[in-house]
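Each remark here refers to the structure printed beneath this line.
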Amino acid sequence: MDQHKTPQLGNQLCFPLYVIAKEITGLYRPLLEELDITYPQYLVMMVLWEHQRLTVNQIGEKLFLDSGTITPLLKRLEAKSYIVRQRKIEDERVVEISLTDEGERLQDKACLIPEKMNDRLDLSETDVQELKQAISKLLDKINKK
């Protein structure tokens, strides 16, 4: 056997991050089923609730998603009448996304989700801030490469 040690699951940073992402998304699932949206659709809606109108590329940048991934999400949200996709007149290659009245009403229902998640996770505000800082630091390091 060579000098390299076989990677072990318990020694990897990627595995606990993968499990946490999967489990957190699973905790959101029943809350989002009440709104008839998936977790990725929820992310798109949160970006739009914050910014009202964005291009497909802007949404993709904010969510770290490429247009091939984001376009099907947007089509499904449009089919549910939560958003409208419209090509810009001055540049038809650019598609702008905006909320419908129905999409804005969905925001009222979604406002309860963060509190329900906080109750479910039972983390202190300090714990949450420390986790966010550590994750942001890691993401910054990844994005600098």
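The values are calculated or read from the model by the stated rules, or taken from the named source; none is laboratory data. The model shown is predicted, which means the values in this text are computed figures rather than measured ones. Glycine gets a Cβ as well: all are built from the backbone with ideal geometry, and neighbour counts include every protein chain shown.
Restricting 123, 73 to those that are over 23 Å from residue 36 (Cα atoms) and surrounded by 12 or more Cβ atoms within 10 Å (Cβ to Cβ) reduces the list to 123.
When each of 93, 120, 76 is tested for being of a type in the set (Lys, Arg) and assigned to a loop (DSSP other than H, G, I, E, B), the lone residue that passes is 93.
None of 106, 123 is more than 19 Å from the chain's Cα centre (by Cα) and closer than 19 Å to residue 28 by Cα except 123. Candidates are the residues of the range 39-73 that are among the β-branched types (Val, Ile, Thr) and part of a helix (DSSP H, G or I); the one that is farthest from residue 107 (Cα to Cα) is 69. A single entry from 78, 50, 90 fulfils the requirement of being out of contact with any Asp or Glu (no Cβ under 8 Å at 6 or more places or on another chain), surrounded by 15 or more Cβ atoms within 10 Å (Cβ to Cβ) and among the charged types (D, E, K, R): 78. For the range 97-111, the condition of being modelled with pLDDT of 95 or more, under 29 Å from residue 140 (Cβ atoms) and surrounded by 13 or more Cβ atoms within 10 Å (Cβ to Cβ) holds for at least one residue. Here residue 27 meets each of (1) surrounded by 11 or more Cβ atoms within 10 Å (Cβ to Cβ); (2) without any contact (Cβ under 8 Å) to a residue 60 or more places away in the chain with one exception, condition (2).
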